[in-house]
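Novice: If you scroll down you'll find the structure; I have some questions about it.
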Amino acid sequence: MSDSALSQAEAFARIRLLRSPNIGPVSYAQLLRRYGSGEAAVAALPELGTRGGRAYQAVSAERIADEVAAVRKAGARYLFHDQSGYPALLAETPGAPPILTCRGDVSLASRPCVAMVGARNASAAAVKLAREFAAALAESGFVIVSGLARGIDGAAHEGAFPATIGVIASGIDIAYPPQHSDLQERIASDGLLLAEQPPGTEPRGSHFPSRNRIIAGLAAGTLVVEAAPKSGSLITARLAGEAGREVMAIPGSPLDARSQGCNRLIRDGAVLVQSPDDVIELLSGFDGLPHSSFRDTATVFRFDDSDDLAVAEPADIVTLLTSAPVAVDELIRQTGESGAAVQLALLELEIAGRLERHAGGRVSISD
């Protein structure tokens, strides 16, 4: 199932843990840390759900067996967060996907990467520019990461091929958009194709921001070629900034709505770039200190093994929560409990389906 030292049973349990209701990357990581293994964490889920206030049942083993078979049928494999092949930069980002499915050359993700994103309805000039930038960057040793969308994404993949990584919002066996099915298959064969969603999953609106965080997380910097003021490309840029990565944009005419997003990024602190050499200069030897000021680093909370995990109760935390997101550190401050105790109570509420997590380490009640 995987090429790491994980046993078959442990790998299976980890997939089952992540696919169970109300388990996301944050709760998955907390459960593994607390219980030491996927098998132990899955066994603990019913009790945790009960403590959170609702009966809980993990996803069935039969469903996971079907998924594993579908991954194999697609010619793909699993990549777990603690495998040696898991991309190091992605692992550093808050809420990184604990498990990916992949096809192709995983070593590409360990090379210097640049994310290139932009408008789906891009101008002909911008598409040509994206293809030329990607080709020049690939020739200089960079791998181009993008999302296989129409417009700028497709041009970036084509220009860099085969030094390119496609991150999709669907399952590894679903081609989207359909007109890029041939390009997706080429990337899977000669580049690298990554998916977070289980096989057979059609892309939904909520999947695209999740995909964008992977695109941003894989790369030392994100370059926006052309984008409207409200677009997924700007979400990717924001996520790159939050992760402490370089955010770059190519300026355009203020008269073209498709350039307004890039121009605003530059106004807000993204680095203006006009040639591939500008990107190469910024990212060669990237040391984690971006030149761009377009960032708002999210707070990351971790368990402290020395903390008492049995003090804060979910019922006590619920009284402090509303539908308005609040920072976890504020809950810690108001309860006077340890960070680990508050996090455990939040985890129990999340497993019970009563908690929602938001960007920046914030949470809200969902019932």
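Novice: Which one of THR322, VAL106, ALA175 has its Cα pushed farthest toward the positive end of the charge dipole of the chain, where Lys and Arg give +1 and Asp and Glu give -1 at the Cβ?
Specialist: Result: ALA175, furthest along the dipole toward the positive end.
Novice: Let me ask something else about it. Name the residue, out of LEU239, LEU32, LEU349, whose mean-square fluctuation peaks in a Gaussian network model built on the chain with Cα pairs under 10 Å.
Specialist: Result for the chain, Cα springs under 10 Å: LEU32 fluctuates most.
Novice: Residue by residue through region 171-177, what is 3J(HN,Hα) from phi via Karplus (6.51 cos²θ - 1.76 cosθ + 1.60, θ = phi - 60°)? Round to whole Hz and write x for glycine and proline.
Specialist: Ordered by residue, 3J(HN,Hα) equals x, 5, 9, 10, 8, 8, x Hz.
Novice: What accessible surface, in Å², does a 1.4 Å probe find on TYR176, ignoring ligands, DNA and RNA and rounding to the nearest 10?
Specialist: We get 100 Å² for TYR176.
Novice: Further question on the same structure: In the chain, with Lys and Arg counted as +1 and Asp and Glu as -1 at Cβ, which of these residues, ALA124, ILE64, LEU272, has the Cα nearest the positive end of the dipole, that is, farthest along it?
Specialist: ALA124
Novice: Quick one: compute the contact order of the chain, relative version, from alpha carbon pairs under 8 angstrom and 6+ residues apart, as a percent.
Specialist: 15
Novice: Also, I was wondering about something else. Please list 38-44, 190-196, 273-279 highest first by mean number of surrounding beta-carbon atoms within 10 Å per residue.
Specialist: 190-196, 38-44, 273-279
Novice: What is the set of long-range amide H partners of GLY360 at a cut-off below 5 Å, with H atoms built 1.01 Å from backbone N?
Specialist: THR299
Novice: Which value, in debye to the nearest 20, gives the size of the charge dipole of region 53-177 about its Cα centre, when Lys and Arg are +1 and Asp and Glu are -1 at the Cβ?
Specialist: 220
Novice: Mind checking the per residue accessible area of region 1-137 for me, 1.4 Å probe, whole number of Å²? Provide the component values of the computation, followed by the final result.
Specialist: Values: 6080 Å² over 137 residues.
Ligands and nucleic acids excluded, the result is 44 Å² per residue.
Novice: May I pose another question? Relative to the longest principal Cα axis of the chain, at what angle does helix 207-218 sit, 0 to 90 degrees, rounded to 10?
Specialist: So the inclination is approximately 70 degrees.
Novice: Roughly how tilted is helix 8-19, in degrees to the nearest 10 and between 0 and 90, from the longest Cα axis of the chain?
Specialist: 80
Novice: So what's the angle, to the nearest 10 degrees on a 0 to 90 scale, between helix 181-190 and the longest Cα principal axis of the chain?
Specialist: Between the helix axis and the principal axis of the chain, the angle is about 80 degrees.
Novice: Antiparallel as a % of all DSSP beta bridges within the chain, to the nearest 5?
Specialist: The answer is about 40 percent antiparallel.
Novice: Probe radius 1.4 Å, ligands and nucleic acids ignored: give me the carbon and sulfur share of the accessible area of the chain as a rounded percent.
Specialist: 49
Novice: With springs only between Cα atoms under 10 Å, which of GLY205, GLY241, GLY36 fluctuates most in a Gaussian network model of the chain?
Specialist: Answer for the Gaussian network model of the chain: GLY205.
The values are calculated or read from the model by the stated rules, or taken from the named source; none is laboratory data. Note that this is a predicted model, so its numbers are computed, not measured. Virtual Cβ from ideal backbone geometry, glycine too; neighbours counted across all protein chains shown. We work out accessible area using only protein heavy atoms, side chains counted, and drop any ligands, DNA or RNA first. Shrake-Rupley method; radii C 1.70, N 1.55, O 1.52, S 1.80 Å.
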